1. Given A:27, A:34, which one is at negative phi, in contact (Cβ under 8 Å) with a residue 12 or more places away in the chain and away from every other protein chain (no Cβ under 14 Å)?
2. Against the definition (modelled with pLDDT of 95 or more, in a helix (DSSP H, G or I), touching a Ser or Thr at 6+ places or on another chain (Cβ under 9 Å) and surrounded by 14 or more Cβ atoms within 10 Å (Cβ to Cβ)), how does residue A:19 come out, yes or no?
3. Report, by residue number, each residue of region B:31-67 that is surrounded by fewer than 18 Cβ atoms within 10 Å (Cβ to Cβ), of a type in the set (Gly, Ala, Ser) and on the phi < 0 side of the Ramachandran plot.
4. How about region A:50-73: which of its residues are surrounded by fewer than 21 Cβ atoms within 10 Å (Cβ to Cβ) and more than 10 Å from chain B (Cβ to nearest Cβ)?
5. If we scan region B:3-19, do we find a residue that is β-branched (Val, Ile, Thr) and more than 13 Å from every other protein chain (Cβ to nearest Cβ)?
6. Run residue B:70 past the list (1) surrounded by 12 or more Cβ atoms within 10 Å (Cβ to Cβ); (2) farther than 13 Å from residue B:9 by Cα; (3) without any contact (Cβ under 8 Å) to a residue 60 or more places away in the chain and report the number of the one that doesn't hold.
Amino acid sequence: MIVRVQTEPFDLATEVARLYRDKPKVGAVASFLGLVRDSNEGDGVHTLTLEHYPGMTEKSLEGIGREAFARWDLLDATIIHRIGTLHPTEPIVLVAVASGHRGEAFAACEFIMDYLKTRAPFWKKETTPEGERWVDAREHDDIAAGRWAT
Amino acid sequence: MKLKILYFARLRERFGLGSEALDAPAGVDDLAGLVAWLRQRGPAWAEELAPDRPYRMALNQEMATPESSLKEGDEVAVFPPVTGG
């Protein structure tokens, strides 16, 4: 499993290829790419700045990844989250999961994203035509994460 | 009891402080007690850390609850609900 928190861009094709190259047991890779949108709650968004808690962020993402490996039969996974200032159309987050079959890859990918959104210590601040504002947490993200409770 | 306390995002801006070393008085032995003590620092602290505000806490880089007990040298973080992804 690879976990990275970085300011630099990442390459989707390179990251996905690493999950199956030379691994003939991999039959499926599911990936999710999160992007900066140009609007939020009716206002234009010029930039999005991501703050995080160095140290805890990496531990939190590794813990979420380990939990996915405990729940599904996975062969590999990659979680990359960017920090710093980003612009609309730029990727923020990549979650990619490799498994023998698609069902486990799809489920684990969604699980990791749902837990990342509600547990990993990142905070978004956006600039709009009216100025800067912190993005509020959304209840539907908690509901999405709650679906995986056992 | 010596503690390291970190603040993030809106709380960091509101308190004008990203981190500090604190010596908590006797009687402060869990996160609830620590927050009650921090609230006495002024209006911004009382307002942001009011019981009905949705702040979260971590203890030694793990999500924690008000009942989590403190010990010498712990790292505590106080922050708004997370919004990554």
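The values are calculated or read from the model by the stated rules, or taken from the named source; none is laboratory data. Just so it is clear, the structure is predicted and the values come from calculations on it, not from any experiment. A quick note on method: Cβ atoms are made from the backbone with ideal geometry, for glycine too, and the neighbour counts reach across all protein chains shown.
1. Only one candidate passes the filter, namely A:27.
2. Yes; evaluated as a whole, the condition is true for this residue.
3. B:32, B:33, B:36, B:44, B:46, B:50
4. A:62, A:66, A:67, A:69, A:70, A:71, A:72, A:73 - these are the residues of region A:50-73 that are surrounded by fewer than 21 Cβ atoms within 10 Å (Cβ to Cβ) and more than 10 Å from chain B (Cβ to nearest Cβ).
5. No, region B:3-19 contains no residue that is β-branched (Val, Ile, Thr) and more than 13 Å from every other protein chain (Cβ to nearest Cβ).
6. Looking at each condition in turn, residue B:70 falls short on (3).
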